[in-house]
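Asks: One structure follows; several queries about it will come next.
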Amino acid sequence: MKVGVIGTGYVGLVSGVCLAAKGHEIKCLDVRREVVERLNRGIPHIYEKGLESLLSSVLAAGRFRAEIASVEALKGCEVILIAVGTPSTEGRIDLSQVEAASRLAGSYLRNQTSPCSVIVKSTVVPGTTDAAVRGWLEAESGRKMGDFGLGMNPEFLREGEAVEDFMTPDRIVLGGETPGTWDALEKLYEAWSCEKLRVNSRTAEMIKYANNAILATVISASNELANAAAAIGGIDIYEVMAGVHADKRWSPLLPDGERIRPGILTYLWPGCGFGGSCFPKDVQALLAKARDAGAEAAILSSVLRVNREQPHQILAILKRATGPLRGRRVLVLGLAFKPETDDVRESASRTVLADLAGEGALVMAHDPMAADNARRSWPELGVQYVSEWEPCVAQAAAVVVVTAWREYLKLRTSPLREELRGRVLFDARRLFSKQDFPGAVYLTIGNRPLERQTP
Ligand SMILES: NC(=O)c1ccc[n+]([C@@H]2O[C@H](COP(=O)([O-])OP(=O)(O)OC[C@H]3O[C@@H](n4cnc5c(N)ncnc54)[C@H](O)[C@@H]3O)[C@@H](O)[C@H]2O)c1
């Protein structure tokens, strides 16, 4: 099929390249000229495992091209995917990019005689596709839905695993408003054999939000339990959660005594909160939409409140161990919101850096992929970004691991382990155990030793 993808970020680019790899003819459109030029030279502007080589192969096969967004660039498209950003503005979904993309698709539909379906792939609140997008398309095209197809196909890829997730999804949600749209979506995903759910576009929109909201709720619940355990004292929340994981409803027991360990368990550990471009803004957008519709959404509101506070735990716990930090060096390891990505949007690391800088600490920070994005995104923080972190360990009063990049596991090997003697290691992601660092002050979330009174 000839497919136009409007918006060439994490979702649009990965979708475009993967669909091209499965045999479709893809045009990826963006408003950023430098992005378009780089892509046509085979250089992705984002980091995703396997993306660069796949891009090179589809460019070489002549099945992928990037172009500046225009009606002309959409010529011949049977399907148009809208994959632009849907940021949060003052706690509400900002649909301005979706409106611009819809109006562009509508202008294309004005003179289009062969069948074409417009599919929203961006995460949008329920009711956006069948009301707002439909309205923009009809206004610009001068035609009615039915003359063109309209649908919603939410994307579930995870940054860091985006290519793998797109190529081998657990399900594909096909939201359609007209019968022809389901047919077009079935054809688009013909090469995928996973479960495909046919629903209307509102249900498709809500599946995406419900999915993210439940995962975010599990994370905030784990963090709240960790903070309660630390307040009570004498409890290690990791031992607690390991005990919870052993419930066969979370990790079913096989007849041979082995367990199935579902991916949901990774959300049932405490840490410094969820970040990234999706969970925070999606929970916020759903909360606002639910309230507008008259629902209280009390849990969603608490999930966000717990998450906003969680990264501040690091400074509070650290200061109890180190005393004032003014003028002392602290090394922060990890800036991306999770490993294997260069994305720093809503990363807990920003709050940690800001808290430390606010205390007057001299902050050094490292990330193997995301340091440039952090430097660009947070110029106000006055942090020294370092490209080599290992020599900085010996200069720091405290080392704080915020993102669980595998390379930080080197901390427990010589000579770094010896260099940490007499220093503080804050392991916010529980990469290690206390026994790994004899002589160091080892701190984590959800584990405050009990100060027993001598009888
Ligand atoms: N990033 C993820 O992991 C992820 C996962 C699932 C769903 N989503 C959703 O997918 C959507 C896109 O997310 P993303 O992370 O790819 O966003 P992004 O910000 O990385 O990319 C959006 C792209 O759209 C371009 N753009 C903006 N307006 C445009 C226009 N009028 N015409 C053409 N291009 C335009 C921007 O220049 C940018 O390159 C969002 O709704 C997001 O919530 C994201």
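Asks: How many residues are under 24 Å from P44 (Cβ atoms) and outside any helix (DSSP H, G or I) if we restrict to region 65-114?
Replies: Of the residues in that region, 16 qualify.
Asks: Scanning for something among the hydrophobic types (A, V, I, L, M, F, W, C) and more than 19 Å from T89 (Cα to Cα), does region 277-295 turn up at least one residue?
Replies: Let us first name the residues in region 277-295 that are among the hydrophobic types (A, V, I, L, M, F, W, C), namely 278-279, 283, 285-288, 290, 293, 295.
Subset that is more than 19 Å from T89 (Cα to Cα): 295.
Checked region 277-295: at least one residue is among the hydrophobic types (A, V, I, L, M, F, W, C) and more than 19 Å from T89 (Cα to Cα).
Asks: Exactly one condition in (1) closer than 25 Å to S122 by Cβ; (2) in a helix (DSSP H, G or I) is not met by G275; state its number.
Replies: Of everything listed in (1) closer than 25 Å to S122 by Cβ; (2) in a helix (DSSP H, G or I), G275 misses just condition (2).
Asks: Restricting to region 122-144, count the residues that are more than 16 Å from the ligand (Cβ to nearest atom) and within 25 Å of L287 (Cα to Cα).
Replies: Matching residues across region 122-144 total 4.
Asks: Return only the number of the condition from (1) over 19 Å from the mean Cα position of the chain (by Cα); (2) loosely packed, with under 13 Cβ neighbours inside 10 Å that T89 does not satisfy.
Replies: (1)
Asks: Additional query: What residue, among those in region 9-24 that are more than 6 Å from the ligand (Cβ to nearest atom) and not in a helix (DSSP H, G or I), is surrounded by the most Cβ atoms within 10 Å (Cβ to Cβ)?
Replies: Residue satisfying both the conditions and the ranking: H24.
Asks: Right, next: Can you pull out the residues in region 360-372 that are touching a strand residue (DSSP E or B) at 6+ places or on another chain (Cβ under 9 Å) and not in a helix (DSSP H, G or I)?
Replies: A361, L362, V363, M364, A365, H366, D367
Asks: Consider W182 against the criteria (1) of a type in the set (F, W, Y); (2) assigned to a helix (DSSP H, G or I); (3) within 12 Å of the ligand (Cβ to nearest atom): it satisfies all of them except one. Which criterion is unmet?
Replies: (3)
Asks: Can you pull out the residues in region 102-160 that are surrounded by fewer than 18 Cβ atoms within 10 Å (Cβ to Cβ) and β-branched (V, I, T)?
Replies: T113
Asks: For residues in region 65-100 being more than 15 Å from the ligand (Cβ to nearest atom) and at pLDDT below 95, which is nearest to F166 (Cα to Cα)? Full working, then the answer.
Replies: Initially, region 65-100 is screened for residues more than 15 Å from the ligand (Cβ to nearest atom), giving 75-76, 78-79, 90-91.
Narrowing further to those that are at pLDDT below 95: 90-91.
On the way: E90: 31, G91: 29 Å.
Within region 65-100, the match that is nearest to F166 (Cα to Cα) is G91.
Asks: Mind listing just one residue for me: the one in region 384-413 that is crowded, with 20+ Cβ neighbours inside 10 Å and within 23 Å of the chain's Cα centre (by Cα) and, of those, nearest to C272 (Cα to Cα)?
Replies: V402
Rundown of residues vs (1) modelled with pLDDT of 95 or more; (2) buried (at least 19 other Cβ atoms within 10 Å of the Cβ), yes/no style:
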{"position": "I299", "(1), (2)": "yes, no"}
{"position": "A321", "(1), (2)": "no, no"}
{"position": "R326", "(1), (2)": "yes, no"}
{"position": "V330", "(1), (2)": "yes, yes"}
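Asks: Has region 34-49 got any residue that is within 19 Å of A191 (Cβ to Cβ) and not small (G, A, S)?
Replies: Within region 34-49 (the criterion being within 19 Å of A191 (Cβ to Cβ) and not small (G, A, S)), the answer is no, since none of the residues qualifies.
Asks: Can you find even one residue in region 380-394 that is in contact with a Ser or Thr (Cβ under 9 Å, 6 or more places away or on another chain) and assigned by TED's automatic domain parsing to the domain that holds H312? Lay out the reasoning, then the answer.
Replies: Going through region 380-394, the residues in contact with a Ser or Thr (Cβ under 9 Å, 6 or more places away or on another chain) turn out to be none.
Looking through region 380-394, none of the residues is in contact with a Ser or Thr (Cβ under 9 Å, 6 or more places away or on another chain) and assigned by TED's automatic domain parsing to the domain that holds H312.
Asks: Could you list all residues from region 247-305 that are of a type in the set (D, E) and either within 16 Å of the ligand (Cβ to nearest atom) or under 16 Å from S222 (Cα atoms) (or both)?
Replies: Going residue by residue through region 247-305, those that are of a type in the set (D, E) are 247, 256, 258, 282, 292, 296.
If the condition is that a residue be of a type in the set (D, E) and either within 16 Å of the ligand (Cβ to nearest atom) or under 16 Å from S222 (Cα atoms) (or both), then D247, D282 are the ones that fit.
Asks: From the list D147, D165, pick out the single residue that is within 16 Å of the ligand (Cβ to nearest atom), outside the structural domain of L287 (by TED's automatic domain parsing), without any contact (Cβ under 8 Å) to a residue 40 or more places away in the chain and farther than 20 Å from I93 by Cα.
Replies: D165
Asks: Taking the residues in region 25-64 that are β-branched (V, I, T) and not in a loop (DSSP other than H, G, I, E, B) as candidates, determine which candidate is nearest to the ligand (Cβ to nearest atom).
Replies: Ranking the candidates gives V35 first.
Asks: May I pose another question? Show the residue pairs that are 6+ apart or on different chains and have beta-carbon atoms under 7 Å apart, the first residue being within region 437-455 and hydroxyl-bearing (S, T, Y), the second being at pLDDT 70 or above and surrounded by 10 or more Cβ atoms within 10 Å (Cβ to Cβ).
Replies: Close Cβ pairs satisfying both conditions: Y442/L425; Y442/D427; Y442/K434; T444/D427; T444/R430.
Asks: Within region 317-336, can one find any residue that is within 16 Å of the ligand (Cβ to nearest atom) and in a loop (DSSP other than H, G, I, E, B)?
Replies: yes
Asks: Report, ordered by the first and then the second residue, all pairs with beta carbons closer than 6 Å, sequence separation of six or more or different chains, a first member in region 82-96 that is farther than 18 Å from L137 by Cα, and a second member that is of a type in the set (S, T, N, Q) and more than 8 Å from the ligand (Cβ to nearest atom).
Replies: Close Cβ pairs (under 6 Å, with a partner that is of a type in the set (S, T, N, Q) and more than 8 Å from the ligand (Cβ to nearest atom)) amount to S88/Q284; G91/Q284.
Asks: Checking L416 against (1) more than 23 Å from Q313 (Cβ to Cβ); (2) exposed (fewer than 13 other Cβ atoms within 10 Å of the Cβ), only one condition comes out false. Which one?
Replies: The failed condition is (2).
Asks: If I filter region 108-119 for residues that are more than 22 Å from V199 (Cβ to Cβ), within 14 Å of the ligand (Cβ to nearest atom), touching a Leu at 6+ places or on another chain (Cβ under 8 Å) and not assigned by TED's automatic domain parsing to the domain that holds P280, do I get at least one hit?
Replies: Looking for residues that are more than 22 Å from V199 (Cβ to Cβ), within 14 Å of the ligand (Cβ to nearest atom), touching a Leu at 6+ places or on another chain (Cβ under 8 Å) and not assigned by TED's automatic domain parsing to the domain that holds P280, one finds at least one in region 108-119, hence yes.
Asks: Has region 245-260 got any residue that is part of a helix (DSSP H, G or I) and either touching a residue at least 24 places away in the same chain (Cβ under 8 Å) or closer than 30 Å to L81 by Cα (or both)? Write out each step before concluding.
Replies: Here is the first cut: in region 245-260, the ones part of a helix (DSSP H, G or I) are 245.
Keeping just the survivors that are either touching a residue at least 24 places away in the same chain (Cβ under 8 Å) or closer than 30 Å to L81 by Cα (or both) gives none.
No.
Asks: Tell me the residue from V58, V98, V84, V79 that is touching a Leu at 6+ places or on another chain (Cβ under 8 Å) and aliphatic (A, V, I, L, M), please.
Replies: Going through V58, V98, V84, V79 in turn, the sole match is V79.
Asks: Anything in region 157-199 that is modelled with pLDDT under 95 and not charged (D, E, K, R)? List them, or say none.
Replies: Of everything in region 157-199, those that are modelled with pLDDT under 95 and not charged (D, E, K, R) turn out to be G160, T178, P179, G180.
The values are calculated or read from the model by the stated rules, or taken from the named source; none is laboratory data. Computed from a prediction, not measured in an experiment: that's the story for all the values here. Note that we place each Cβ from the backbone using ideal geometry, even for glycine, and neighbour counts take in every protein chain shown.
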